[in-house]
Amino acid sequence: MKKNILSCLLILLTLNLFGQRVTISGYITDKQSGERLISASVYEKNTLQGTTANNYGFYSISLPAGKRTLIISFVGYKTQTFELELNQDITLNIPLELMASELGEITVIGNKVNKVEETQMSSIDVQVQKLQKIPVILGEADVLKVIQLLPGVQTGTEGTSGIYVRGGGPDQNLFLLDGVPVYNASHLLGFFSVFNPDAVKTIKLYKGGFPARFGGRLSSVVDISMKDGNMKELKGNFSIGIISSKLSLEGPIVKDKTSFMLSARRTYLDLLSKPFFWYFNSKNDANVNGGAYFHDFNLKVNHIFNERSRLYLSGYLGKDKGFGYTSDEYNYLDETNQEAITNKSKTDFGLGWGNNIASLRWNYLLSNKLFSNTTLTYSRYRFQVDSDYRYENVTKKTKTEDSFKYYSGIEDWTAKIDFDFFPTPSHDIKFGASYTNHLFSPGVSRLKFEGSSDIVLGIDTTFGNRDIYANEISSFIEDDITITDHLKINAGLHLSDFMVDNETFIRIQPRLSIRLKATKNWSLKASYSRMAQHVHLLTTSGINLPTDLWLPVTKKFEPPISDQVAIGTAINFPKSIELTIEGFYKTMNNLIEYKEGASFMGSATNWENKVEKGKGWSYGAEFMLEKKIGKTTGWIAYTWSKTERQFENLNFGKPFPAKYDRRHDVSIVITHEFNKKVDMSGTWVYGTGNAVTLAVMKYPKATIPYTDFAYYSSDGLDDYGGRNNYRMPAYHRLDLGINFHKEKKHGTRTLSFSVYNVYNRQNPFMLMWGSKGGEYAYDPNTGQYIEITPYKTVLKQFSLFTLIPSISYSFKF
Amino acid sequence: MKNKYLFLIIAITVLFQSCEKEIEFSSETITPKLVVNGFIHQDSLISIVVGTTKLIPGVEKAFTWIDNATVKLFVDGIEKETLTTYDISYDTTNFNYFPDTTRAKKGYHTLTTQAETGKTYRLEISHPNYKTINCETTLPKTVVIESIDTITQLIDPKNSYSGTHLKVTLKFSDPSNEKNYYRLVYKSLLGVVNTTDTVSHHSIIVYNQNFGTDIDSEDPVLNPEQENANDLLLGTPNNTYNLFTGDYIDGKEYEMSFFISPYYMKSFRDIDTSNGEFLRLTIELQSISEDAYLYMKSVSASNYYNNDLFSEPVQVYTNIENGTGIFAGYSSDSKTIQKGEYPIAGINYQIQNQGFYYFYYSY
């Protein structure tokens, strides 16, 4: 009996026996480029039923048979309306045409969904085309630096692209590039992110209310998809900036069948630093050289076999390199003072790191209601240091060589399959499973001594940590359910099973989002999500060092877990103005921090003895007012938040503010198009000063037997009064940029000028004790020096970037 | 044209202005604390000094020492005696370049209680102006040096510490099933010919030195940190106090090798015993309490990292409840090796009690 009822329910669910239904499905694309549009809206006017296109532009909607009016809309594109007489399932591929702006200029807005309509909360779509216009340091557009301007996201060190989301640490962000995790999203110690804006199609940040398809990190998901490549015609763009140049090409290989996208960039700090070394060497009679640069490539090729089948191959290769060398030659007399000895020495030093990422994805439409996506991915991050010292006694013809190599990294192979199932307009079901094989290489060193000298032994040894293999299986199911026109929920479950060193960690992660639409333009939302993370990041500092190591969880340091609840509201105002207000409370367990006095410093050896386990919590409110289209666009974002950590053996067990705990964060981003030829943008940011650990008192150091003077204590030790005990002054700055466009014979030339920190605010980067005074003058009457100003210890603030103008040139064809 | 130059001058001035400025320090929530410092040693009276913390900003002031506190001693939980103050005397002969104001004039010590290994000592220190503070330490048991061997060895000439070193191999057994912390130090009594003695040509200057540092070793127990990427990039603190733990050798007999550099001491090989020169070297293996280990390790790390942009400052370990400082203990065993004879009748010795290694200050 029970079986029969279940069967009937399933039939009802899939066939929806409330009258005959037919299914309309297809792809929504950009008419000009053939690029598939993610999250475009499909809506039937009479039944008030609707759906949105998935990540591959596919939509499917089942409607009662009869005369129906289908409205297809996507922000920035002309809305299309179809009058259809439905009596059987049909395929309807819809190319949308870009909307001309009021100024006659084509304005691409990127993927945008209606915040009031969607169940998803705590997520923001970043407009890729706007991203290029927002002024940033040195004029280099950067995906993560724009994400830093969003509510709920704190920045790390000024100028770097690290993000701290809703009280989470830098290791708690999952960066996905075409669905592949990126382990180190930084170039040049974080001054650039690895995501080249020219290669990016969509960027979506999730801060909470995580859909069940995501897992693996506690605090955020940054889901970035690369452009597929123009199916219609060859397009390109190149730009030259102060420290980097870029080139992008995209176009059809076989028109409307196969296309490619290629993007490459390189910085030239190494070339720019050459004159400084030349000057230094000429002044100091030295031979020193060095530099740093990075280059990266994005490539994507895709092929449409038929309406049902499409294959994507995408890849990213990025490499950072830093190098330095010195050489020296000197002469001296030997011990007997009889013979002149000539020695030569040379030191080479190099470090390099980078990500290699690849994915092979096959979209296959099993039916007009079931879309499948099968993916094989590869992600590798590797860091390497080489150091080589060569010493030659030319006179005695002896040579020695010491070389040292170190490398660390992580490598993942993943196979996954996921499905989008659209049984009825009331259900959008996603489910899937994946298997990942992780290889952690937490630091292996090779030390080599070779020499002809009689006192040096030949040594060639490799030491360090063994490779660690881990297997991860995860599965998920989520359903976006329309219960009534007013009430929608997204319920899901993410299950992860991580196996390492004969230990198995199974974590069940429920997710729930609810949307209650009060009026057409106003909805209330709530969500709960549990996230688990199976990797720890060992890092010593606030900046992104390439030596940071990923390690699997262990029995002692179990997977960190976060539980987050959020409530919020979304309101649409006229003129495409959206307001979102959200509040959140998040707890995090099994976090790690270094023991006081312990340091990791690039080695994973005995790391479990060097860290402490603790917990953290964060709560706050976020406000975002955004105008998406028109002459003037942009947003105002404000965040109030508090983030604390508590570890039994740190800070004497008392809670302390997290490193990037900030009470207030404000960002205002505005772009304005004066006319077809000129647009201008401005950004103003304000943040409460960072919490820093600053010594506030001194106390006498104990006499350490055999080492120090008896009770000597003129200097003393620092007393901090607690971890992150002191607040730096507030941070704020204004950036302005102006772009001049000119139509040329073969394309559009853009000349961009920007000024970072326009009013030259000296923002705090670091606080340090310094001194002033202590001036003395000679008194000829007494023959002694007299103190004029007393020597005082004062607090000094150091700033990193004051006013920085920049210029760049780009040409789009 | 003039305007162009003016613009250029302004631009350069703005771009290259100093990025450093003085800011106001907010001290509203900061209250001074009592400081206790004392290392106790087996078979010695227990002595400490008591002072206070001072705010960092402002005109430099000497530390304030407290000589009117009440210091009660508890041994294994039982109140034993109240410590009395005593005058601390300094031999200023060699150290007169450090002002007296920086040192405590008075300390507190026991009159009868001597520290014994295995016992736990707790101090309760009260003062009307400060919170009462407590501290406790257990004196570790002595770990005996089983043997000591020495050879001289020439170190790689490209090394800045090149030359003839004395290689010392020390054998000891780590007590099993307990957490043990150690420190290696040595004392030297070195007699060399007084080259300035142009009268008798027979006088010997005797340098009496204690070395807490200056040991060179690649022993994995003494230097367990492997060379790694960040070592190369950023460096790591030296093992300033020659600390190590028994973690890797729990319950085992172990032979530890290290070099004593001739850099600060006349080469062992070069001592001319026929002229009356000599070297007496005492190697001491200290068995230190966990408190002592954590304190010394964090002092060393804080000195290294606290001005480092890349690191979180290291807070120095303290076991003083409601205050700061350290109250810890150590016991020790030593072995002495000697080249040459001392004293020899008829030789005029001029003793210089250097007492510590002063060429290089350890922090």
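The values are calculated or read from the model by the stated rules, or taken from the named source; none is laboratory data. Computed from a predicted structure; not experimentally measured. Note that we place each Cβ from the backbone using ideal geometry, even for glycine, and neighbour counts take in every protein chain shown.
Name every residue in the range A:403-421 that is of a type in the set (D, E, K, R) and within 12 Å of chain B (Cβ to nearest Cβ), in order of residue number.
Within the range A:403-421, A:405 is the sole residue that qualifies.
Whether any residue in the range A:732-739 is polar (S, T, N, Q), more than 30 Å from residue A:659 (Cα to Cα) and more than 8 Å from chain B (Cβ to nearest Cβ) is what I want to check.
Yes, the range A:732-739 contains a residue that is polar (S, T, N, Q), more than 30 Å from residue A:659 (Cα to Cα) and more than 8 Å from chain B (Cβ to nearest Cβ).
Pick from A:319, A:227, A:274: which is surrounded by fewer than 18 Cβ atoms within 10 Å (Cβ to Cβ) and within 19 Å of the chain's Cα centre (by Cα)?
Residue meeting the stated conditions: A:319.
Assess whether residue A:746 counts as being farther than 30 Å from residue A:234 by Cα, away from every other protein chain (no Cβ under 14 Å) and surrounded by fewer than 18 Cβ atoms within 10 Å (Cβ to Cβ).
no
For the range A:730-813, list the strands (runs of 3 or more DSSP E) that sit wholly inside it and hold at least 1 residues that are in contact (Cβ under 8 Å) with a residue 24 or more places away in the chain and within 18 Å of residue B:23 (Cα to Cα); which are they?
A:731-743, A:766-772, A:792-798
Name, by its number, the condition in (1) surrounded by 21 or more Cβ atoms within 10 Å (Cβ to Cβ); (2) within 14 Å of chain B (Cβ to nearest Cβ); (3) in contact with a helix residue (DSSP H, G or I) (Cβ under 9 Å, 6 or more places away or on another chain); (4) not aromatic (Phe, Trp, Tyr) that does not hold for residue A:722.
Only one criterion is unmet by residue A:722, namely (1).
Can you name the residue in the range A:663-679 that is more than 30 Å from residue A:721 (Cβ to Cβ) and surrounded by 19 or more Cβ atoms within 10 Å (Cβ to Cβ) and is also farthest from the other protein chains (Cβ to nearest Cβ) among such residues?
Per the criteria, the residue is A:673.
Does residue A:694 satisfy being assigned to a loop (DSSP other than H, G, I, E, B), over 30 Å from residue B:47 (Cβ atoms) and either within 9 Å of chain B (Cβ to nearest Cβ) or in contact with a strand residue (DSSP E or B) (Cβ under 7 Å, 6 or more places away or on another chain) (or both)?
yes
So, in the range A:383-409, of the ones that are in contact (Cβ under 8 Å) with a residue 40 or more places away in the chain and under 23 Å from the mean Cα position of the chain (by Cα), which residue ends up farthest from residue A:537 (Cα to Cα)?
Looking at the filtered set, the residue picked out is A:383.
Taking strands (runs of 3 or more DSSP E) that fall entirely within the range A:239-350, which contain at least 1 residues that are under 30 Å from residue A:398 (Cβ atoms)?
So the answer is A:288-304, A:309-333.
Looking at (1) under 30 Å from residue B:315 (Cβ atoms); (2) without any contact (Cβ under 8 Å) to a residue 60 or more places away in the chain, which one does residue A:636 not meet, given that it meets all the others?
Single failed check for residue A:636: (1).
Is it the case, given these coordinates, that residue A:395 is in a strand (DSSP E or B), over 30 Å from residue A:549 (Cα atoms) and within 14 Å of another protein chain (Cβ to nearest Cβ)?
So residue A:395 does not fit the description; no.
Any residue at all in the range B:227-234 that's under 18 Å from residue B:173 (Cβ atoms), at pLDDT below 80, within 14 Å of chain A (Cβ to nearest Cβ) and in a loop (DSSP other than H, G, I, E, B)?
Scanning the range B:227-234, I find no residue that is under 18 Å from residue B:173 (Cβ atoms), at pLDDT below 80, within 14 Å of chain A (Cβ to nearest Cβ) and in a loop (DSSP other than H, G, I, E, B), so the answer is no.
Out of everything in the range A:645-662 that is in contact (Cβ under 8 Å) with a residue 12 or more places away in the chain and away from every other protein chain (no Cβ under 14 Å), what residue ends up being nearest to residue A:629 (Cα to Cα)?
Restricting to residues being in contact (Cβ under 8 Å) with a residue 12 or more places away in the chain and away from every other protein chain (no Cβ under 14 Å), the top hit is A:662.
Out of B:250, B:214, report the one residue that is touching a strand residue (DSSP E or B) at 6+ places or on another chain (Cβ under 8 Å), acidic (Asp, Glu) and at pLDDT 65 or above.
It is B:214.
Can you name the residue in the range A:603-622 that is modelled with pLDDT of 95 or more and touching a Leu at 6+ places or on another chain (Cβ under 8 Å) and is also nearest to the other protein chains (Cβ to nearest Cβ) among such residues?
Out of the qualifying residues, it is A:616.
Out of A:642, A:631, I need the residue that is away from chain B (no Cβ under 14 Å), among the basic types (Lys, Arg) and farther than 30 Å from residue B:298 by Cβ. Which one?
Of the residues listed, the single one that is away from chain B (no Cβ under 14 Å), among the basic types (Lys, Arg) and farther than 30 Å from residue B:298 by Cβ is A:631.
Kindly indicate the residue of the range A:367-422 that is modelled with pLDDT under 85 and among the hydrophobic types (A, V, I, L, M, F, W, C) and also nearest to residue A:187 (Cα to Cα) among those meeting that condition.
That would be A:385.
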